[in-house]
Amino acid sequence: MSDPSPAYTVPSGESNLKSAILIGAVLALVASNIYLYLQVDRLKGDLTKQREALSTEIANVRELASVTTESQRRHLDNLRNELDTTRQQAVQAASQAKSEALSRTDQVARRLAEEQQRQHQQVASELNQVKQVATTATSKLENVSTEVSNVKTEVASTKSELDKTIADLKRVTGDLGVTSGLVATNSKELAALKRLGERNYFEFNLGKTKQPQRVGDITLLLKKADAKRNRYTVEVFADDKKTEKKDKTINEPVQFYTSKARQPYEIVVNQVKKDQIIGYLATPKEQIAR
């Protein structure tokens, strides 16, 4: 028969540890309760202070609202008083403006009447001036008409004289055997030829020089001038050619051809002086190559 197992016995050291832990837990719980109580008490004090502050603020707000309401009421009263005053002033101003407007209207009406009268007088004065100017213009117009009639008479006389001058001109056979155009023997007849407009005319006063002188579209060089015999010799430069016209007389058509025209050019000398000839060059109107 076996022996029974011996019973488990807790050591004394382990029992002391558990007791210490239990006592510590109890102390901690007591301390926690004390802390919570103190916190609750402090919170109650803070809540009481906040309630008092809130009550004070509400009282202040109520007082301020009362003051504001009273101030607004006084402001509204002031506004009503100002409105009444402004209405009265507006009525007075409207009455005064109406009175001033009527007065101003009367003044403008008077000024308008005066201005109309002044303009009427001015128009009447200007009308009289216009009548005087019209009378003067009519008189001047009659004078102009008389002058025009005189001018017409002079023009008719000039035309008649021109026709007579042209009728007195002659057609002469030139040195090439070609019947020339009308030949002018003086400045008056040359002016008549220019007005007739059958040819181009270029006047020249040619002295005896070493270089040829330009006349129209040609050049001329005077070689000899015999004033006693009214004869001269001249060299003609045209189309890069030189032609000598020797021992020619005054009013004789000196003819030569150029490549620019079918009809001949003509030189007519009206005066022969010492080392000088005076005359004109006549060229065809139509410049057509031969």
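Of the residues Leu102, Leu79, only one is on the phi < 0 side of the Ramachandran plot, in a helix (DSSP H, G or I) and modelled with pLDDT of 85 or more; which?
Leu79
In the set Asn270, Asn230, which member is on the phi > 0 side of the Ramachandran plot and either in contact with a Ser or Thr (Cβ under 6 Å, 6 or more places away or on another chain) or of a type in the set (S, T, N, Q) (or both)?
Exactly one residue qualifies, and that residue is Asn230.
Please give the number of the condition Leu196 fails out of (1) exposed (fewer than 14 other Cβ atoms within 10 Å of the Cβ); (2) at pLDDT below 90; (3) assigned by TED's automatic domain parsing to the domain that holds Val268; (4) farther than 19 Å from Lys248 by Cα.
(1)
Given the conditions (1) in a loop (DSSP other than H, G, I, E, B); (2) over 60 Å from the mean Cα position of the chain (by Cα); (3) exposed (fewer than 14 other Cβ atoms within 10 Å of the Cβ), report the number of the one that Gln211 does not fulfil.
(2)
Does Leu17 count as surrounded by 10 or more Cβ atoms within 10 Å (Cβ to Cβ) and either of a type in the set (Ser, Thr, Tyr) or modelled with pLDDT of 85 or more (or both)?
Criteria not met by Leu17.
Give region 214-231 a look and list any residue that's part of a loop (DSSP other than H, G, I, E, B) and within 16 Å of Glu266 (Cα to Cα), or say none.
Gly216, Asp217
The values are calculated or read from the model by the stated rules, or taken from the named source; none is laboratory data. Everything numeric in this text was worked out from a predicted model, so none of it was measured. FYI the Cβ positions are ideal-geometry reconstructions off the backbone, even for glycines, and counts take in every protein chain you see.
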